[in-house]
1. Of the conditions (1) touching a residue at least 12 places away in the same chain (Cβ under 8 Å); (2) farther than 21 Å from Gly125 by Cα; (3) of a type in the set (A, V, I, L, M), Ala152 satisfies every one except a single condition; which number is it?
2. Need at least 2 residues that are touching a helix residue (DSSP H, G or I) at 6+ places or on another chain (Cβ under 7 Å) and free of Cβ contacts under 8 Å to residues at least 24 places away in the same chain per element, so show me which helices (runs of 4 or more DSSP H) inside the range 25-135 make the cut, counting only ones lying wholly within it.
3. Could you tell me which of the residues Ala281, Ala275, Ala309 is in contact (Cβ under 8 Å) with a residue 24 or more places away in the chain and crowded, with 19+ Cβ neighbours inside 10 Å?
4. Out of all the residues in the range 1-58, which are modelled with pLDDT of 50 or more, basic (Lys, Arg) and surrounded by fewer than 16 Cβ atoms within 10 Å (Cβ to Cβ)?
5. What is the number of the single condition among (1) at pLDDT 95 or above; (2) within 30 Å of Pro207 (Cβ to Cβ) that Val106 does not meet?
6. Got a sec? Which of Phe81, Phe119 is closer than 30 Å to Cys30 by Cβ, of a type outside the set (Lys, Arg) and out of contact with any Lys or Arg (no Cβ under 6 Å at 6 or more places or on another chain)?
7. In the range 184-225, what residues are part of a helix (DSSP H, G or I), β-branched (Val, Ile, Thr) and more than 17 Å from Cys250 (Cα to Cα)?
8. Does any residue in the range 205-227 that is farther than 13 Å from Ala173 by Cβ come within less than 6 Å, Cβ to Cβ, of a residue that is part of a helix (DSSP H, G or I) and small (Gly, Ala, Ser) six or more places away or on a different chain, and which pairs are these?
Amino acid sequence: MHRLRRCLLPVLLVALAASSQAAAESHEVCEAYARDAVQAYQTSRQHNCGWLDPRWHDNRDAHYNWCRSAPAEWVANETAFRANNLRVCRREPGAEGCHEYASLAVANQRSNLGGECGFTGPRWGDSYDHHLAWCLGVPTEAANREIAIRHAMLGVCGGGAEFRRCDAYARDAEHQVREAADRGCQFSGPRWTPLYEDHLTWCLTQPAAVAAQEAREREGPLSQCRTQLPAGQTKTEACNWTARIRTEVCANPDGTPSSTSGTSLVVCGPTEDEASERAKAGLPFPPSDEDEPEPGTCTYQLDVGPGCACG
């Protein structure tokens, strides 16, 4: 059984409690805390968990006295951390995976500090217990996403060629998305996420040519938006109609499926026809009225109505 090395040490917390502004727990709460702590220790012995740190012992008075001198938040954390540790020891569903997740997160933080990468925030904490608690409360996909992000960011810090390529891609994507937001282009879909980390991890799963194509497909509708919504300028033409267009299926010029499928765009115009034409012009590829797109075209859904939704 893995030993859980990262924990809050009650003996150290006693020394720090006096400086905390949080209120300590009551006699009744600490009686229950001490009882549960001893019971958790006995359970750990039954399962041969093998933990040796100060959190795990059967000295009821020591648990009680620590509780009485510690802030309430620390007491609640210790109770929760013990419960999570037992879940790992008992090999409950998902717990072993989260043990690996938390151990890797702590190791990643050591790499962050050792490499002087400068990454900060909850993602880069060094507490095994906090990483474990977070992992146990989220879907597996969310934990996997965090693993991928930390791996990618450490790779960028390390300066590998692929990581440098995708760092540049992600920074350019971040700039494009920010410009689109500043102009009020109202694009949507994964392509337009404002998160650098998402662009970075996506790029690392794709060949360079696919990432370059994605950047071009973002630039197409953005270029069209630039002509309609100049940054920092006030539109003077009448805004009487709003066109909402969404690509259904797009095909690259070579006939392969394009990742631009599902892109949405909202544009406005003084007339119904003008709004409609501007919306079609904003598609990443020319519009197709066929059921299946020909190479280099997109099928689409278009809704045009009176009123101005473009600000």
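The values are calculated or read from the model by the stated rules, or taken from the named source; none is laboratory data. Just so it is clear, the structure is predicted and the values come from calculations on it, not from any experiment. Every residue, glycine among them, receives a Cβ derived from its backbone with ideal geometry; neighbour counts consider all protein chains shown.
1. So Ala152 meets the others, but not (2).
2. Counting at least 2 such residues, we get 95-114.
3. Ala275
4. Selection gives Arg35, Arg45.
5. In the conditions (1) at pLDDT 95 or above; (2) within 30 Å of Pro207 (Cβ to Cβ), Val106 misses (2) alone.
6. Phe81
7. Scanning the range 184-225 gives a single hit, Thr201.
8. Here the result reads Gln224/Ala281, each pair linking the range 205-227 to a residue that is part of a helix (DSSP H, G or I) and small (Gly, Ala, Ser).
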